[in-house]
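**Q** Shown below is the structure under consideration.
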Amino acid sequence: MTDAEPLERALELAERGRGGTAPNPVVGAVLVRDGEVVGEGWHERPGGPHAEVVALAAAGERAHGSTLYVTLEPCAHHGRTPPCADALIQAGVARVVAAVGDPNPQTHGVGLERLRAAGIEVKLAGGDLEWRARVQNEAYRVWVAERRPFVVYKAAVTVDGRVTVPGSRWVSGEESRRRVHELRARVDVVAVGMGTVVADNPQLTAREVEAERQPRRLAFGRGPLPQGSELELASAPLEEELGRLAEEGVQSLLLEGGPTLATAFLAAGLVDKLLLFVAPTLAGAGPRFVGDLPEPVRLLRVTAEPVGADLLVTAYLREP
């Protein structure tokens, strides 16, 4: 059995905790001994056992001499639960393969070093598995490392980069609009600028999709908000507002504002991920989705997928 197969399984197990682990990351773990899986686990909720401890409990005595495959570096500090590194040492695990290291600057590498000091062989996966593990907890990684939310800028645009189509209410198709509602259901905050508020008075809620909760809804700008608006006003400088949101536990922010707000975020280097729903239309006129920037912005890991008649282009502005 190669290292890839159990790490793939660990990534799959981690997703079972999605939506229930905040403010903690999602983590999955698989224990293998003599080519056989002897224990599996994932983190389910804050204060509950971590994935490694669940896998150890499932394996029992068979954990001795085994290899642990885990999506995130085992912790070595006391929080709501004891350190996972100590549990692995006590159980006699012989080898640990982690998909990616701890993103917290204060604890990065500490768990792996403790395992090495105890004589346990340690390896980081690297390559595509590391990237997938990073993406799996992209919001958590930025929140814990930079003390601000992970910012996704979403826009529906025509092929010529316009955000409006003369004579049409919508730029993108129904399938793309449904995808946006699914995005809203998964993030902590959805935000627009005051220009969008004045023009559209948007609800910014997740509608006609499965949503365990509605996101917080913000308007960046000086205000005032229209009478009856349910949005929160964020009028301080962007960095200050993002820091405040992070202190309040906000890990992810979906930016749906128009060109003015998008340009401000991009110029300040505060956008992490770009989602462009490109409609098969040439508008020929109208505002573009982003204004002038002080310098070019290089996009990373660019992918494209069809969403109905549209094309969803996804790109990162930095490694998560």
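The values are calculated or read from the model by the stated rules, or taken from the named source; none is laboratory data. What you see is a predicted model; the values in this text were computed from it and never measured. When we count neighbours, we look across all protein chains shown, and the Cβ atoms used for this are built from the backbone with ideal geometry, even at glycine. Accessible surface is based on the protein model in full, side chains and every heavy atom, while ligands, DNA and RNA are left aside. Shrake-Rupley method; radii C 1.70, N 1.55, O 1.52, S 1.80 Å.
**Q** If I stretch the segment between Gln214 and Glu182 completely, what's the gain in nm (0.36 nm per residue apart, minus their alpha carbon distance), one decimal?
**A** 10.4 nm
**Q** Further question: Just flag the chymotrypsin sites (Phe, Trp or Tyr not before Pro) in segment 119-208 sitting in loop per DSSP whose Cβ has no more than 12 other Cβ atoms within 10 Å.
**A** Within segment 119-208, the qualifying chymotrypsin sites (Phe, Trp or Tyr not before Pro) (loop, at most 12 other Cβ atoms within 10 Å) are Trp170.
**Q** Carbon and sulfur together cover what percent of the accessible area of the chain at a 1.4 Å probe radius?
**A** 50
**Q** Further question on the same structure: For the chain, what is the mean residue ellipticity at 222 nm derived from helices alone (per DSSP H run of n ≥ 4: -39500 (n - 2.57); sum divided by total residues; nearest 500 deg cm²/dmol)?
**A** Value at 222 nm, helices only, nearest 500: -8500 deg cm²/dmol.
**Q** How far apart, in nm, are the 7 Å Cα→Cβ label points at Ala315 and Ser235?
**A** The answer from the label model is 3.6 nm.
**Q** Another question about this same structure. For mean projected area of the Cα convex hull in nm², several values are listed as (1) 15.6; (2) 17.7; (3) 23.0; flag the one computed from this structure.
**A** Among (1) 15.6; (2) 17.7; (3) 23.0, the one calculated here is (2).
**Q** If we sort 287-296, 157-166, 94-103 on the protection proxy, mean other Cβ atoms within 10 Å, highest first, what's the order?
**A** Top of the packing list down: 94-103, 157-166, 287-296.
**Q** If you don't mind, another one. Counting DSSP beta bridges with both partners in the chain, what percentage is antiparallel, nearest 5?
**A** Of the beta bridges lying entirely in the chain, close to 45 percent run antiparallel.
**Q** Just grab the label-to-label distance for Met1 and Asp160, each label 7 Å out from Cα along the Cβ direction, in nm (one decimal).
**A** The two pseudo-label positions are separated by 5.8 nm.
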